Amino acid sequence: TLALSIKQLRKSYANGFEALKGVDLEVAEGDFFALLGPNGAGKSTTIGILSTLVNKTSGSVQVFGHDLDTDPLALKRCIGLVPQEFNFNQFETAHNILTTQAGYYGIKLKEARVRAEELLKQLGLWDKRNVASRMLSGGMKRRLMIARALMHRPRLLILDEPTAGVDIELRRSMWEYLTELNEQGTTIILTTHYLEEAEQLCRNIAIIDHGYIVENSSMRALLGQL
Ligand code: ADP
Ligand code: ADP
């Protein structure tokens with residue numbers, strides 16, 4: 001099964017700038033996949049389209065067989081997104097942020113509380129569950145974003161530059177957590193501009209530059225070439 005299939009994806013922004021120029025990409029179910037590229041390459045644009053926040057100009061996108069054009073809701077249900085920027089209500093508690101998120105997916109409050117407890121404990125946030133999110137450290141906010149993305153048990157987790165500005169200790173613990181999640185069956189795609197991060201975590205990799213995929217291979221094959 002393919003977790004993700006992208007064909008000839010193009011995006012021109014309103015100002016005429018063409019950020020994606022015909023991207024083809026396939027990610028198998030169970031993969032841990034890196035989309036690597038320099039700043040401005042088109043990584044966030046690609047993720048924006050997958051998460052339905054950005055409208056594509058042309059091309060096709062399928063997630064676990066659900067087409068973005070014909071079945072965007074089913075596609076969205078399969079995806080958990082960890083954005084680059086903190087975008088939650090800073091006055092809400094960690095616990096409320098998670099149960100509110102569950103509500104968007106139609107999860108009953110009782111079940112949402114169980115799931116929130118599980119994730120808050122796994123991610124080391126349980127002691128802070130009743131604290132307004134603005135009082136959390138940067139690292140805790142990142143972990144809260146991961147917890148929020150996982151509330152509805154998505155089959156595909158997408159992280160946009162997950163460890164940008166994160167210290168080495170937290171980075172290691174996030175890597176460990178993501179590896180475990182992947183071993184339990186969640187397909188993971190992350191964008192990064194650190195080859196080292198991709199190398200540590202990912203089995204397969206695509207390199208994007210100026211809106212084109214310039215390389216697409218297994219991590220092992222890529223490292224063999226360098
Ligand atoms: P579209 O509707 O085509 O998806 P948006 O409405 O999201 O585009 O973009 C609004 C405007 O914001 C763009 O036309 C652009 O001028 C500006 N803009 C936002 N982000 C960027 C960026 N990273 N680089 C250049 N311009 C940007
Ligand atoms: P990356 O995530 O790889 O850094 P992006 O997808 O954010 O790259 O951006 C790709 C290109 O599209 C950049 O040149 C950026 O300035 C441009 N861009 C992003 N958003 C907009 C926008 N709303 N309007 C115009 N240009 C944009």
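Derivation of every value follows stated rules applied to the coordinates shown; laboratory data play no part. Predicted, not measured: the structure shown is a model, and the values here were computed from it. Methodologically, a virtual Cβ is constructed for each residue, glycine included, from the backbone with ideal geometry; neighbour enumeration extends over all protein chains shown.
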From DSSP H assignment alone, runs of 4+ in the chain each adding -39500 (n - 2.57), the sum over residues rounded to the nearest 500 puts [θ] at 222 nm at -11000 deg cm²/dmol
With only Lys, Arg, Asp and Glu charged, each at its Cβ (+1 for the first two, -1 for the last two), find how big the charge dipole of the range 58-138 is about the Cα centre; round to the nearest 20 debye. 380
For the chain, the Cα convex hull volume per residue in Å³ comes to 125
11 Å beta-carbon shell around G48, net charge (K/R +1, D/E -1): +2
Treat each spin label as a single point 7 Å out from the Cα along the C-beta direction, and report the R10 to V131 distance in nm. 5.0
How about K128: which aspartates and glutamates have a C-alpha closer than 17 Å to its C-alpha, ignoring those fewer than 8 places off in the same chain? E92, E117, E118
Quote the charge dipole size of the chain about the Cα centre in Debye, to the nearest 20; the model charges only the Cβ of Lys and Arg (+1) and of Asp and Glu (-1). 760
Linear extension gain, T52 paired with N39, 0.36 nm per residue minus alpha-carbon span: 2.6 nm
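Dipole of the range 7-133, Cα-centred, from +1 at each Lys and Arg C-beta and -1 at each Asp and Glu C-beta, to the nearest 20 debye?
Roughly 260 debye, rounded to the nearest 20.
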Taking +1 at the Cβ of each Lys and Arg and -1 at the Cβ of each Asp and Glu, which of H66, S44, Q101 sits farthest along the dipole of the range 1-110 towards its positive end, judged by Cα position relative to the Cα centre? Q101
Once each part is reduced to its C-alpha centroid, what is the distance from the range 22-38 to the range 60-103 in angstrom? 19
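Report the net charge of residues surrounding Q90, where surrounding means a beta-carbon distance below 11 angstrom and charges are Lys +1, Arg +1, Asp -1, Glu -1.
After counting each charged neighbour, the total is +1.
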